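Colleague: Dropping a structure here in structure tokens format, bear with me for questions.
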Amino acid sequence: MSENFEDVVRAVYEHGVRHDAGQVDRLRRRRNLEPDAAALLSLICQAMGAVRVLEIGTSNGCSTLWLAQAVHDRNGTVLSVDLDADAQRAATTNLARVGLQQHVELRCADGGQVLKDLPDASQDIVLLDSERPEYAGWRPHPVRVLRTGGLLVIDNVLSHADEVADVRALIDADPQLTTAVSPTGKGQLLAIKRPSPGTPRR
Ligand SMILES: C[S@@+](CC[C@H](N)C(=O)[O-])C[C@H]1O[C@@H](n2cnc3c(N)ncnc32)[C@H](O)[C@@H]1O
């Protein structure tokens, strides 16, 4: 019997906040997406009719829960990647609590490598929420793997503007992308992949 989704995401987030308060090593913190940012991302995901979502940075699965809930009505799948197997074990438990585990593939791997191996235009949404200074070096894959009309989301663009300056400069210079920044949570960059010039409209 599954638990109530709202109760579980709230409990997972609050547990993460308590865990992080007592954890001096930043890399061992949960660092979950804030609830307002996660709720907005879930809403956008549903509005887009997303069925293939890639998340880099699972942690204990708080954002993964929101994404899985967002794709579940369309039988979609979230591929969520993290280097931390312990954190992904916690994510497995949290997803099972709400019965969403069949909508998520948890992969213990390097996000940059997973992006590199994915086919062109294979994802509706790509969420980057891992070690920010790595993102610029992952180019062109976060955009290459998006379908036309797909959405790239980068968290922490307001809280850690210096760490994402390189990737933001690349995104701003990319004629395929239309961007906006949402001030929810710690700030998310939202970038939509436009059709290439000359692509016939349907
Ligand atoms: C900010 S936390 C993710 C929080 C999660 N998205 C949430 O909101 O619940 C960042 C995670 O990225 C993972 N990470 C760091 N570098 C990575 C990499 N190169 N590939 C995959 N995961 C990575 C860390 O182990 C950590 O669990």
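Colleague: May I ask you to list the residues in segment 44-65 that are within 15 Å of the ligand (Cβ to nearest atom) and surrounded by fewer than 24 Cβ atoms within 10 Å (Cβ to Cβ)?
Modeller: The one that is within 15 Å of the ligand (Cβ to nearest atom) and surrounded by fewer than 24 Cβ atoms within 10 Å (Cβ to Cβ): G57.
Colleague: OK, next. Out of all the residues in segment 32-43, which are part of a helix (DSSP H, G or I), surrounded by 14 or more Cβ atoms within 10 Å (Cβ to Cβ) and of a type in the set (A, V, I, L, M)?
Modeller: Scanning segment 32-43 gives A37, A38, A39, L40, L41.
Colleague: Let me ask another. Which condition number in (1) surrounded by fewer than 21 Cβ atoms within 10 Å (Cβ to Cβ); (2) farther than 20 Å from T148 by Cα is the one that V81 fails?
Modeller: (1)
Colleague: Examine segment 116-124 for a residue that is surrounded by 15 or more Cβ atoms within 10 Å (Cβ to Cβ) and either under 16 Å from L33 (Cβ atoms) or within 16 Å of the ligand (Cβ to nearest atom) (or both), and state whether such a residue exists.
Modeller: Yes, some residue in segment 116-124 is surrounded by 15 or more Cβ atoms within 10 Å (Cβ to Cβ) and either under 16 Å from L33 (Cβ atoms) or within 16 Å of the ligand (Cβ to nearest atom) (or both).
Colleague: So which residues in segment 76-94 are under 19 Å from D7 (Cβ atoms), in contact with a strand residue (DSSP E or B) (Cβ under 8 Å, 6 or more places away or on another chain) and within 12 Å of the ligand (Cβ to nearest atom)?
Modeller: A91 - this is the single residue of segment 76-94 that is under 19 Å from D7 (Cβ atoms), in contact with a strand residue (DSSP E or B) (Cβ under 8 Å, 6 or more places away or on another chain) and within 12 Å of the ligand (Cβ to nearest atom).
Colleague: Taking segment 114-161 only, how many residues are of a type in the set (D, E, K, R), assigned to a strand (DSSP E or B) and more than 17 Å from S42 (Cα to Cα)?
Modeller: Count: 1.
Colleague: Need pairs with beta-carbon distance below 7 Å; first residue at negative phi and touching a residue at least 12 places away in the same chain (Cβ under 8 Å) and within segment 122-149, second surrounded by fewer than 23 Cβ atoms within 10 Å (Cβ to Cβ) and among the acidic types (D, E); sequence gap 6+ or separate chains.
Modeller: Every condition considered, the pairs that remain are R132/E163; P133/E163; A136/D166; V143/D174; R144/D120; V145/D120; R147/D124.
Colleague: Can you give me the number of residues within segment 1-20 that are among the charged types (D, E, K, R) and within 12 Å of the ligand (Cβ to nearest atom)?
Modeller: 1
Colleague: Something else: Of the residues that make up segment 21-31, is at least one closer than 25 Å to R132 by Cα, more than 9 Å from the ligand (Cβ to nearest atom) and surrounded by 16 or more Cβ atoms within 10 Å (Cβ to Cβ)?
Modeller: no
Colleague: Just to be sure before I move on: is D73 within 12 Å of the ligand (Cβ to nearest atom) and among the acidic types (D, E) in the structure I sent?
Modeller: no
Every number in this text was worked out from the coordinates using simple rules, so none of it is lab data. Model, not experiment: these values are computed from the prediction. Positions of Cβ are generated from backbone atoms using ideal geometry, with glycine treated the same way; all protein chains shown enter the neighbour counts.
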